[in-house]
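A.B. asks: Questions regarding the structure given below will be posed in turn.
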Amino acid sequence: MPCRQFIISGRVQGVFFRASTRDVALRLNLRGHAVNKPDGTVEVLACGEATALDELEQWLHEGPAHATVSAVEARDVSCKQPDSFRTG
């Protein structure tokens with residue numbers, strides 16, 4: 001199953017970005033995580049169907065209502081398949 005890592009920049013911490021990402025990921029049947037990074041970005045790792053990963057990526061460019069996304073970097077990665085989707 002493919003996995004993709006996203007690094008999201010902008011006003012993305014303190015605006016329910018991680019929780020909203022988890023909700024979207026669960027709706028898309030994706031597994032992985034969304035975590036705040038010390039540099040102010042959010043890292044999202046998602047594993048699942050390629051079409052679901054593409055849909056998540058589209059959503060990440062907008063994010064939740066109070067977020068301001070300035071950039072989304074994406075790359076395919078290989079990793080151990082997570083059991084669920086968590087925030088941290």
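Since every read-out is calculated from the coordinates, none of them should be taken as a lab result. Model, not experiment: these values are computed from the prediction. Positions of Cβ are backbone-derived with ideal geometry, glycine not excepted, and every protein chain shown enters the neighbour counts.
A.B. asks: For the pair C79 and S9, what calculated FRET efficiency results from E = 1/(1 + (r/R0)^6), where r is the Cβ-Cβ distance and R0 = 30 Å, to the nearest 0.05? Each step should come with its number before you reach the end.
C.D. replies: On the way: r = 22 Å, r/R0 = 0.73.
Efficiency computed from Cβ-Cβ geometry: 0.85.
A.B. asks: No other cysteine beta carbon under 4.7 Å away is the test; run it over the chain and list who passes.
C.D. replies: C79
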